[in-house]
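J.: Dumping the structure here so I can ask a few things about it.
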Amino acid sequence: MRTRGIQAAAWAVLLDDELPEGHTSLAHVKATQDWDWHGAELEYRRAITLNPRSATARHWYAVSCLVPLGRLDDALEGVQLAQTLDPVSTIISRDTARVLYYRREFEAALDECDRAIERDPYFSGTYWILGLVQEQLGDLQES
């Protein structure tokens, strides 16, 4: 499956180097499958240059590249910008809480979880982060 994913993404970039989605997909495969975060960063930056308003490119860049590189300030800035571009995305909201959790900003992460749950109470991924945050805040019963 990975081979087909990278082949398709690479082919998309070869067919049209000006296609931001191709660079975003190639970057995502490099980051999540190959753990080539520096190669992924180049592709994400290219995608963002081609389409600065791509919430997906900014979101994925933040969580699949900047977080593993330990660049949590940049990651937070990236997910917050993605959230500005796509304010109704529960996944981006969940990942904003996740980055805040990694930064040990538990109260802010809790607030972000609450906003995400209010938007979509059926998205289980938010409850996972919420439980981790509540555990760190010492609210073991709630977590």
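J.: Within the chain, what is the longest stretch that has no GluC sites (Glu not before Pro) placed in a DSSP loop and near at most 13 other beta-carbon atoms within 10 Å?
T.: With GluC sites (Glu not before Pro) excluded where exposed in loops, the chain gives 19-141 as its longest stretch.
J.: Oh, and also: Can you work out the accessible area per residue across the chain, with the rest of the protein chains kept in place, probe 1.4 Å, in square angstrom?
T.: Computed with neighbouring chains in place, this is 56 Å² per residue.
J.: Same structure, new question: Contour minus end-to-end for PHE123 and ARG103, with contour as 0.36 nm per residue of separation and end-to-end as the Cα-Cα distance?
T.: Full-extension gain reported as 4.9 nm.
J.: At 1.4 Å probe size, with the rest of the protein present, what percent of the exposed accessible area of the chain is carbon and sulfur atoms?
T.: 52 percent
J.: Quick one: compute the contact order of the range 30-143, relative version, from alpha carbon pairs under 8 angstrom and 6+ residues apart, as a percent.
T.: 17 percent
J.: Report the full-extension gain for the segment GLU135 to HIS38: residue separation times 0.36 nm, less the Cα-Cα distance, to one decimal in nm.
T.: Length difference between fully extended and current span is 31.6 nm.
The values are calculated or read from the model by the stated rules, or taken from the named source; none is laboratory data. Just so you know, these numbers come straight off a predicted model, no measurement behind them. Positions of Cβ are generated from backbone atoms using ideal geometry, with glycine treated the same way; all protein chains shown enter the neighbour counts. SASA here: full protein model, heavy atoms, side chains in, ligands and nucleic acids out. Shrake-Rupley method; radii C 1.70, N 1.55, O 1.52, S 1.80 Å.
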